[in-house]
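Step one of this worksheet: look at the structure below.
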Amino acid sequence: ERPPAIIHRNSEVIDSLICDGVQIESGAQVIRSVIAPGVVIRSGCRVEESIVLTDTELEQETSVLRSVLDKRVAVRAGTTIGDCRSDSLAITMIGRETEIPAGTTIEAGGQVGAFVIPTDFSSRLVKTGEQIQTRRLPYEI
């Protein structure tokens with residue numbers, strides 16, 4: 001079991017499911033989303049119309065919009081994942097145990113596979129329909 005969720009006073013949670021062990025820091029926004037146990041959402045983050053699974057960490061000033069993040073994903077500061085403003089209903093998907101480098105933009109419909117690390121990214125922009133996979137061999141993971 002995990003301790004109760006901690007939601008700071010200056011954060012905003014609207015129409016969302018928040019599980020045990022979640023930490024939502026001051027200034028963060030969670031709107032129409034499902035947040036699984038152990039997720040940490042740092043100050044200045046915005047999570048909207050998304051599913052964030054177990055033990056994921058969203059660092060400061062991160063946006064996760066209309067996306068699904070699998071278990072144990074580390075999203076570094078200043079990253080934007082997905083888009084809620086486009087007419088498309090494309091969902092951005094991030095695989096388990098992945099680390100998204102700081103300042104990366106992953107457009108709506110972009111996909112990042114499991115076990116991806118910052119050196120697997122050729123640029124800080126993942127376009128719609130593009131897929132990023134790990135470049136490591138199975139015994140290196």
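The values are calculated or read from the model by the stated rules, or taken from the named source; none is laboratory data. Values in this document were obtained by computation on a predicted structure and should not be read as measured data. Cβ placement follows ideal geometry from the backbone for every residue including glycine, while neighbour counts extend to all protein chains displayed. Side chains are part of the model used for accessible areas, which takes the heavy atoms of the whole protein and leaves out ligands, DNA and RNA. Shrake-Rupley method; radii C 1.70, N 1.55, O 1.52, S 1.80 Å.
In this simple spin-label approximation, residue 32 and residue 131 carry label points 7 Å from Cα along the Cα→Cβ vector, and these lie 2.8 nm apart. Around the Cα centre of region 12-141, unit charges on the Cβ atoms of Lys, Arg, Asp and Glu (plus for the first two, minus for the last two) sum to a dipole of about 280 debye. The largest accessible area among 65, 17, 89 belongs to the first residue in 89, 17, 65, and the rest follow in falling order (1.4 Å probe, all chains).
Comparing 73, 47, 13 in a Gaussian network model of the chain where C-alpha atoms under 10 Å apart are linked, the largest mean-square fluctuation is found at 13.
Shape verdict for region 71-113, please, from the Cα gyration tensor: rounded (a/c under 1.5), prolate (a/b greater than b/c) or oblate. Present the calculation step by step, with values, prior to reporting the outcome.
Numbers: a/c = 2.80, a/b = 1.50, b/c = 1.86.
Oblate, since a/c reaches 1.5 and b/c is not below a/b.
Summed over the residues of region 41-83 and divided among them, the accessible surface reaches 33 Å² per residue at a probe radius of 1.4 Å.
Can you compute the FRET efficiency between residue 119 and residue 84 using 1/(1 + (r/R0)^6), with r the Cβ-Cβ distance and R0 = 30 Å? Round to the nearest 0.05. After rounding, the FRET efficiency stands at 0.50. Out of 59, 48, 12, any idea which swings most in a Gaussian network model of the chain, alpha carbons joined below 10 Å? Top of the fluctuation ranking is 12. Taking all protein chains together, 7, 100 sort by accessible area into 7, 100, largest first [probe 1.4 Å].
Tell me the carbon and sulfur percent of the accessible area for the chain, rounded to whole percent, probe radius 1.4 Å. Solvent-exposed carbon and sulfur of the chain make up 49 percent of the total.
When the alpha carbon gyration tensor of region 37-141 is reduced to an equivalent ellipsoid, its three semi-axes come out at 19, 16, 12 angstrom, largest first.
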